[in-house]
């Protein structure tokens, strides 16, 4: 019922793609002030250029940062996923159930009936063959 499989062995991206991604993000950071009439952030532009140059010249330099970045992503996934799922449950599922219970709505007919001899539901038609499901 529960999936206890560890996803810690997720595939790590290549060093070149790691450097190109960081270079692109830093390029966006350097150009962002232009949208509001500001000037380019030179520190981010120089870092971006360095990442782009090293991505093609010596991508092996990024092996260790790439590994640490992937581990950070896995750690954040272990922390953020349960928080998001808990918030989703608390904001969507729980209020819906409380509302349905307060309104007396029971779509699954789960109420106990003392006079019922069986809870078996009689079907009018037989289900179709299951040999060609798709």
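The values are calculated or read from the model by the stated rules, or taken from the named source; none is laboratory data. Everything numeric in this text was worked out from a predicted model, so none of it was measured. Every residue, glycine among them, receives a Cβ derived from its backbone with ideal geometry; neighbour counts consider all protein chains shown.
Can you name every one of the helices (runs of 4 or more DSSP H) wholly within region 30-134 that holds 1 or more residues which are surrounded by 10 or more Cβ atoms within 10 Å (Cβ to Cβ) and touching a residue at least 60 places away in the same chain (Cβ under 8 Å)?
On the way: elements: 42-57, 63-88, 94-103.
Where helices (runs of 4 or more DSSP H) fall fully within region 30-134 and carry at least 1 residues being surrounded by 10 or more Cβ atoms within 10 Å (Cβ to Cβ) and touching a residue at least 60 places away in the same chain (Cβ under 8 Å), they are 63-88.
Quick check on this structure: which one of 70, 81, 48 is modelled with pLDDT under 95 and within 30 Å of residue 17 (Cα to Cα)? Explain how you work it out, then say what you get.
Working: 81 fails: modelled with pLDDT under 95; 48 fails: modelled with pLDDT under 95.
From the options 70, 81, 48, the qualifying one is 70.
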